Structures are given as C-alpha cells and as structure tokens.
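Inspection log for the structure reproduced underneath, given as structure tokens.
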Amino acid sequence: MDNHPELESERQYIRGAYEQVRKLRSSLSSNLQEMYFQEKGGTHQARAERDIVVNTTLERLNHLDFGELALCFGRIDHEVGPMSNGDRFYLGRIAVADDSMEPLVVDWRAPVAEPFYRATALNPMGLKLRRHFQLHGEDLISIEDEPLSGDVDTSNELVGPGALYSAIDKARSGQMGDIVATIQGEQDRIIRSPLAGVLVVQGGPGTGKTAVALHRAAYLLYTHRARLESQRVLVIAPNPTFLKYIERVLPSLGESGVELTTITRMVDVSRQLRTAQEAEAVIKADRRMVRFIEKAVLDRQRPLSSPIEISIGSVTVSITKELSALAVRRGKRRSGTHNERVRLVENFLANELAAEYVKKSEYYASLRIDEKESEEDAKAVSTEIDQDEVDQVAEIAREIRSDPTFLRAVGRIWPRLSPEDLLDDLYSHGALTKLAARDILSSDEVSILNQTYVQGQLSDADLPLLDEALVHLGPFSKRQQLPVKYGHIVVDEAQELSYMQSRMVGRRTLSSSVTLVGDLAQSTAPYAVGDWSKIVEPIAISIKEWRYEQLSINYRTPSEILEVANRLYDPKSMGLMPTRAIRSTGVSPNIINCDSDVTQCAINAVIEMANELKIGLIGVVIPNHSQCDESLIYRSIDLLLNDLPDVKVDVRGFDQSKGLEFDGVIVVNPSRLVASKRTKKAAFFTAVTRATKRLSIIVESDEVRTLNSWGIIL
C-alpha cells in the first residue's frame, strides 16, 4: 500500500464507479426477470420485439461482467487552455455514468482516451498529468503519477513504466491477459489504425503483436459498431492451443461478439485429417494449386467415351458420345457452380431421351419430328406436339431421371461432387492427377501427390484445396455452405500463411479489411514464403497498396535471452527492425549437455528451474515427434514438486508452443524441433523467446556441431 496523498479520495471515487456498475447490473437483471415472466403469447411482432429486448439486455449484462479485472486503471488531467478547461477523465475497460448520465469512467477506446496511451513529455497532447491505478479486487492499493508538463524527464519513452513492469513480472498462468492498462504508444497507434484495407504488423518476439491484434479487434468493434455488429469480426489463431490461450482477452475488454477460429477449423470436413509429409505440404501450399484444382473440376465435365443404353419398357434409348458432348457444352456455357449445373445437364439429357423414346414408341409412331441441321440448334420435342403429348413426355423424362443406369451415366458425364470426393478421386487415380497437373506440375510432384495419399484420408495440407474446390463445385448438400464473409478479419502468426491459406482468408472478407500480425523471423512452416507482399497478395488482390507497421520494443524477453536469440537471426539481414529488450534479469541461459537419457535431463532441468522461480509456469518445449517421454516427465514432476505448489509445468511439442509464453522455458533437442531443414533455426529462435525470466537448453552430443554453426557455442 503506498502513501500517495490522494489515495483515499481516488479509492472512494473508484468504489463509487463499482457501485454504479452494480446498480446497473441489478436494474438489467430485474428487467430481464420481468421479460421472462411476461405472457408468452401476443402478436408475432410483439414476440420479436420481446426477443430483441431480452438479447440486448443479456449482451449488456455480459458487457458488465469483467470478473476480477480492474474496472478503472487510469486518469488523465488536461492543461487549462483554449481547447480545454482542465478536464479530467478516468479511464477503464468499459464506460460508466452516474445517475445524471455524467461520465464516471470513460471506455479506453473512446477518442478522449487516446492521450493516455500516446502522450509523452515531448508531445504531451494537452495533458499535464497521467495517472495509473493498481487495484486488488475493487480496492485501490497504488497510484503512479507521470507529470507531462513543466520540468520533466523527456528521455523515458515508456507509458506508465511502473504499471508496465509490474504486469510483465507477474507469474504466467497459461492464459493470456489483456494489456489495456499498459498499452504503449507504438501499440496504440496500430490499434487505432483505420479499418479499411490490409494492415500488416511485423513484430519480433515479445513485442505484444497478439495483444495488439486482439485490442485492435475490440477497438474496431467499438468505433465501427453499426457496421461490424452485423458484418462481424473474425480472429484466426494458428492452432487450438493458442485459441484457448487467447479466448478470455476479448470478453475482458467488453467484447463477446468476436468469432474465434483456426485455419484448420475454417473448412468443414467430415473426417479426421492426417499430418502432411513435408514434400506434400510444400506442393499443396503452392499458388499453382489454384489452376490445378480448377482444371481438376473441369476435367470431371466430360463426354462419354462410348454410348450407354437405357431400357424404358420395351424401348431402348441411348446416350451417345455426341449427345453427352452436347450436354457438356451446354453445361459449360451456363453460369453457376459445378454442382448447380448438374440438374441442368440431367434435365437436358432426360428430355432428349424422352424425345427419342417418343420417336421409337408405337404410340408416337405416326408423329413426324423434323430433323434439324445442327444438334446445337435442336429444340425440345415439346414444341412439336399438343399439351397431352407434352405431359406424356414430361412423365417419361421423370421416369428416366429415376433410372439407375441413367443416373450413373450422368455421374460419369457431370458428377455431383463434394470437395472431399474430388480430392479422393484425384489422388487415388493417377490418370486424373496427371490430367489435372498437365502443364502445371512436374511429373515428380504428381508422383508425390499420388504416393502420399492414404485411401480414404486427406491431410491438413488439403484444407486450402478443399476450400478452393468448394468455390468451383458449390455446396454438395444443404448442410454445406459457401464461406461466410466478415467485415474485418484478424490473423495471428500470419507469417505462416501459405499462398493457398491466404486465399482462404481473402475469400472470407467483405472488403479486404484485414489485420495480419506476425514475425517473418519466426516462419517455421516448410512452405513459408518469408515475404509479406506475397502473403498479402491473395487477400488484397484489388488493392495496390497496403499499410505496414513494425513493433520495436520487446517487453517479454530479457536481454540475456534475446542476446542468444539474436545469434540465430539478425533481423537487419531480413530487412526487419531489430527489437530492443527493456529489461534484464541478470541470469544467463543455461545450456545443458545431456550425455544420458534426455527425459531424465529434462526432469532435472525442470526441478532446478522450479526451485529458482518458486512461482509461475514452466514450459518444456520438445520436438514435434520427440522420443522424449512426456508422461514420464509429468509423473516425475508431480512427485518432485509437491513442495512447490505455485509452480506449474506444461510439456508441449514445438508446434503447440508457438505464440505462448512462460516464466521459464526448457528447450529439449533444439536442432530437432521441426523436421524441415530450412526452418530448424527459426524454430529454435521461436522456442527460446517464449521465456520471460529463465531459459535452459538441453543438447545431446550429436547436436553440438549444428548449434555451433548457428553461433551457440557449447
């Protein structure tokens, strides 16, 4: 508890704001109860209006539910001047007004709150004081003041350094928290960037990229609510683990309407997917697959190679090669998706066969049908006969459309296909693969597609191809839908997007309003393009220019760990801005040469780190397909850490650790985290920068030469 002279008066003010929130909650809950107990009947309009009121009230109650998080975290005082009367504003995660509707707390996203995050001593933006509050529950326990006028230090570029360092030093829980109280100037500029167009945010490890992206989603919803509440906002995370890590952030900011998903969940598939082999994944990520899929669909619209006969009673009719070719030409001339045009082809063939039946049947033996010079210009037989005969022909056509032989024939000429059917057929029949790949893929690439296919299975690398195929094929059933479009999309870890995955993102945006955040130095996918312009191109294909921002301050990684990371990658060599650590722990990373069982080495390292930290979360990062026994690590640690209940341990394969952060990190077999040779160093760089306080690296003897070549001298 500090002894700030205004501590008690500020405490009472904040308590008053909390009391006002409780009153509002109580009022809304009472209104909700009244609505529930009203008569269920009434007109349709009355019921609809009641539903709207109930849903709106529930949304407002959710908006007021921020748990143990601080309602109010700061205050700004303006200078008296021509544009201000010395106004004072209290800032928090939601807006709160008193009974006379005077503001008690201003929402952090409001324009008036901007100077709280942007003002500096060199550019005070009309402020004379910025104040930061630290709360425990609803009780104010500390105040930090930053004078911004008069004789002040102009060298400090951080906003609220005390509050910032306090937040950084907190033990990790395995769940990401918001940074609303400690947003820094360069972060706020990005958060409040305009809605329109594509914004790329490049930031090294620990620069707060993810937090900025999520706060930007909340800010855009607040600022453009009339538009985005109906058009919706989508946040795409790299994997389900990361999704769970960030899921509480937006609700803590008062936004529960944002949809969260992953790249793998963007496509509706009916089966479990296997992990693609590296060579397979690289091919399927390539932009040439756009033409490959388009060609594969066109190849399934094909005439018969030999006629098919169909018996209708005593009469036999025939789908000839010429008739099937005419059906295909007619289908191709019509607009619509492949599956939409199946019915057109089916109806045309059924009507033509019905006409042939009429010619051959005894009932219509005397009916003369003029032969036309061109099959292209042939008219339906229904124009040549009277209404009774028209009805008879229609009945015959209906009978033909239910004939199994006829349906199989249509399936050969113009089959109804799901995206999964298309790829299954394509990969399991070498002739189909070669036909679709002609002048697009090499023979070696075709062989890889066929050889890596497992009967009845598709891989995670097929997801963008399924999405591409759906655009051409159209929905296969009523359950299947074309991609939903959103008013704004945020993509985290966007440096990992392949060209085909970027197309998935692009076809889900209404107006190319997208925020991409990532770090090219952390590109670890074997197909990673390593160039923001190539990632943006499929998303903003109609936009000539896109905005680019870089974050420069590393808040997470201590300088001792960042120094090791920078031996692996020099950001300048990649055309990136170097990031600067703002803190030091005085503890160098611990490199452990493991000459015995690697699992036991990991266990020993965890115990040592736990005894140093006493509290927090330790992440053990192992190779994706490690021989390290995770279950043994967990069992041993459970026994050995009974006297350290405040230490938690999380063992993860490298892919599931990306984007997360831990108080301490133990990297096991750093040169084998991923299989791809071209991204091994990037994976190691990514793994070591997950740590906020401690780092240990467990190296086996056969890795020493590789690590030495990377600048890690053992």
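Annotations for the structure displayed:
- From the largest down, segment 113-178 spans 40, 23, 20 angstrom on the principal axes of its Cα atoms.
- The magnitude of the dipole of the chain, with charges of +1 and -1 set on the Cβ of Lys/Arg and Asp/Glu and taken from the Cα centre, is near 1080 debye.
- Per residue, the convex hull spanned by the Cα atoms of segment 219-264 measures out at 66 cubic angstrom.
- Semi-axes of the equivalent ellipsoid for segment 262-318, Cα gyration tensor, largest first, Å: 41, 17, 10
- Measuring nothing but alpha carbons in segment 82-126 and taking Rh as the Kirkwood radius, the Rg to Rh ratio lands at 1.02.
- Residues whose amide H falls under 5 Å from that of D629, counting only those 5 or more places apart or on a different chain, are T599, with hydrogens built in the peptide plane.
- For segment 562-673, the fraction of 1.4 Å probe accessible surface lying on carbon and sulfur atoms is 48 percent.
- Calculated from backbone phi, Karplus (6.51, -1.76, 1.60) coupling profile of segment 435-447 in Hz, x at Gly/Pro: 5, 5, 8, 4, 6, 10, 10, 7, 5, 5, 5, 4, 4
- Carbon + sulfur, % of accessible area of segment 43-154 - ligands and nucleic acids excluded, 1.4 Å: 52 percent
- Rel. contact order, % - alpha carbon contacts under 8 angstrom, at least six apart, the chain: 13 percent
- Accessible area (Å², per residue) of segment 494-601, counting only protein heavy atoms and a probe of 1.4 Å: 40 Å²
- Using the empirical formula 2.2 N^0.38 Å as the baseline, the Cα radius of gyration of the chain reaches a ratio of 1.21.
- Ligands, DNA and RNA are left out, and with a 1.4 angstrom probe the accessible area of segment 67-198 is 44 Å² per residue.
- Helix 559-568 and the longest principal axis of the Cα set of the chain meet at an angle near 40°.
- A helix-only calculation puts the chain at -12000 deg cm²/dmol for mean residue ellipticity at 222 nm, using -39500 (n - 2.57) for each DSSP H run of at least four residues, averaged over all residues.
- Dmax and Rg, reported as Rg then Dmax, of segment 144-296 (C-alpha, Å): 20.2, 72
- Karplus 3J(HN,Hα) series, Hz, for segment 287-300 with 6.51 cos²θ - 1.76 cosθ + 1.60 (x for Gly, Pro): 5, 5, 5, 4, 5, 4, 5, 4, 5, 4, 5, 4, 5, 8
- Distance cut-off 15 Å, percentage of C-alpha pairs in segment 425-464 lying past it: 37 percent
- Residues whose placed amide H lies under 5 Å from that of V159, excluding near-sequence neighbours: G185
- Accessible surface of segment 265-371 [probe 1.4 Å, protein heavy atoms]: carbon and sulfur percent: 44 percent
- A protection proxy built from the mean count of other Cβ atoms within 10 Å ranks the segments 24-30, 460-466, 92-98, most packed first, as 460-466, 92-98, 24-30.
- Taking one quarter of the surface of the convex hull spanned by the alpha-carbon atoms of segment 448-541 gives a direction-averaged projected area of 7.4 nm².
- Filter on K321/K360; K244/K681; K23/K128; K295/K332 - keep pairs with C-alpha separation over 23 Å: K244/K681; K23/K128
- Taking Cα centre as origin and charging only the Cβ of basic (Lys, Arg, +1) and acidic (Asp, Glu, -1) residues, the dipole magnitude of segment 627-675 rounds to 240 debye.
- Rg followed by Dmax, in Å, when segment 581-632 is reduced to its Cα trace: 13.0, 38
The values are calculated or read from the model by the stated rules, or taken from the named source; none is laboratory data. These numbers were taken from a predicted model, which means no experiment stands behind them. Neighbour counts are summed over all protein chains in view; Cβ atoms, including those assigned to glycine, are modelled from backbone coordinates with ideal geometry. Note: accessible area is taken over every heavy atom of the protein model, side chains too, but ligands, DNA and RNA are not part of it. Shrake-Rupley method; radii C 1.70, N 1.55, O 1.52, S 1.80 Å.
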